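One structure is given here, and the rest of the page talks about it.
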Amino acid sequence: AKSTGNGTVRTFRPEMDGRYVAEQRLRTDLRHAIENGHLSVVYQPMYRPDGSEMECCEALVRWSHPERGWIGPNIFIPLAESMGLISDVTRFVLDKACADCAEWSGGMAVSVNLSVKDLRGGAITAMVAETLARYSLPAARLHLEVTESCFMEEPVAVSATLSRLRANGVTIAIDDFGTGFSSLSYLDSLPIDIVKIDRAFVRDIGTDPRRMKLLSGIVHLSRELDLRIVLEGVETQEQLDLVRKHNFADLVQGYIFSPPVPVDALESLRVNGVAL
Ligand code: C2E
Ligand code: CA
Ligand code: CA
Ligand code: CA
């Protein structure tokens with residue numbers, strides 16, 4: 001501790017300084033990575049619960065840092081948002097996802113995550129239209145995922161932008177559904193087609209009857225509203241068996257079928273199928 005001379009004592013903690021420097025360094029590196037195309041995209045399939053068909057896959061961004069290895073999107077997406085660089089990340093992922101999807105046979109769709117910042121202005125609508133045109137990809141093959149919390153942060157702007165995208169034929173999914181602690185009563189007023197139920201609702205269905213009832217309630221409500229249901233985070237055979245038995249999902253996304261994989265591995269999954 002150091003005396004500041006006016007009677008107060010300030011504690012100097014070198015690790016705080018270190019952390020600040022590390023974060024600044026990470027920001028610089030991220031800007032460089034985005035500008036130089038050092039991000040990449042992996043895909044996680046969504047299957048029918050019986051594993052018969054891969055209908056869609058989610059594009060998930062990755063950053064391979066030259067010294068620190070893989071850095072997950074949970075760390076750098078918030079950084080990109082705070083640096084005003086998220087639209088560059090979105091543009092990159094959208095472009096790569098549409099380019100890859102245009103190569104896939106059988107009409108499989110690709111799903112891209114948007115940040116709330118992407119939905120504030122109208123720029124995303126033009127960006128999506130241009131990207132689809134660039135690869136002659138029908139709008140129906142593109143899904144966009146928006147977290148439940150986006151709707152809570154900026155309900156009017158987010159709904160307006162999504163309505164426009166939807167009018168152009170793009171499918172909209174509400175992501176991480178059930179984690180926003182919001183009232184369910186608004187669900188039928190949102191411009192959405194798909195509900196992606198967060199993995200927190202799947203985790204304990206094998207052991208906790210109350211969790212089963214909660215998931216069942218969300219599923220029934222979604223079905224009443226004619227929404228398609230994607231269940232995230234299905235990891236075990238026991239969970240999958242319950243999902244099948246109770247018809248809890250139209251599509252399943254989780255480690256039980258596949259983790260996110262590079263595009264060439266996705267192709268071989270598509271060709272060879274899954275054995276469960
Ligand atoms: P998310 O959109 O909810 O994506 C699903 C996350 O769950 C992925 O993590 C995926 O790897 C993971 N996951 C999939 N199946 C399982 C499972 O069975 N068990 C468990 N425990 N986890 C599973 P990831 O790739 O690290 O992405 C984390 C989050 O980062 C995403 O959550 C999404 O919110 C955000 N994100 C990823 N890519 C993008 C992007 O291109 N743009 C934006 N704005 N956000 C992105
Ligand atoms: Ca997502
Ligand atoms: Ca999710
Ligand atoms: Ca999530």
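Assorted remarks:
- The count of lysine pairs in the chain whose Cα atoms are under 24 Å apart, excluding pairs fewer than 8 places apart on the same chain, comes to 6.
- For region 80-144: span of alpha carbons on each principal axis (Å, largest first): 39, 18, 16
- Neighbourhood charge, 10 Å Cβ-Cβ cut-off, centred on residue 253 and excluding it, Lys, Arg +1 and Asp, Glu -1: 0
- Inter-centroid distance (Cα atoms) of region 21-80 relative to region 154-227, Å: 24 Å
- On the basis of the beta-carbon distance and an R0 of 30 Å, residue 168 and residue 246 show a calculated FRET efficiency of 0.30.
- Mean projected area in nm² (Cα convex hull; one quarter of hull surface) for the chain: 19.0 nm²
- Within region 145-185: backbone nitrogen closer than 18 Å to the residue 133 label point (7 Å, Cα to C-beta): 164-170
- Contact order relative to length of region 175-276, as percent, for alpha carbon pairs under 8 angstrom and 6 or more apart: 23 percent
- Dimensions of region 129-276 along the principal axes, based on C-alpha atoms and rounded to the nearest Å, stand at 45, 42, 23, largest first.
- Derived value for region 111-186: Kirkwood hydrodynamic radius 12.8 Å. Basis is the mean of 1/r over every pair of different alpha-carbon atoms.
- For region 34-127, averaging the sequence separation of C-alpha pairs within contact (under 8 Å, six or more residues apart) and dividing by the residue count gives a relative contact order of 27 percent.
- Note: relative contact order over the chain, using C-alpha pairs below 8 Å and six or more positions apart, is 18 percent.
Computed from the coordinates by the stated procedures, all read-outs in this text should not be read as laboratory data. Computed from a predicted model, the values in this text were never measured in an experiment. Quick reminder, even Gly has a Cβ in these numbers, built from the backbone with ideal geometry, and neighbours come from all protein chains shown.
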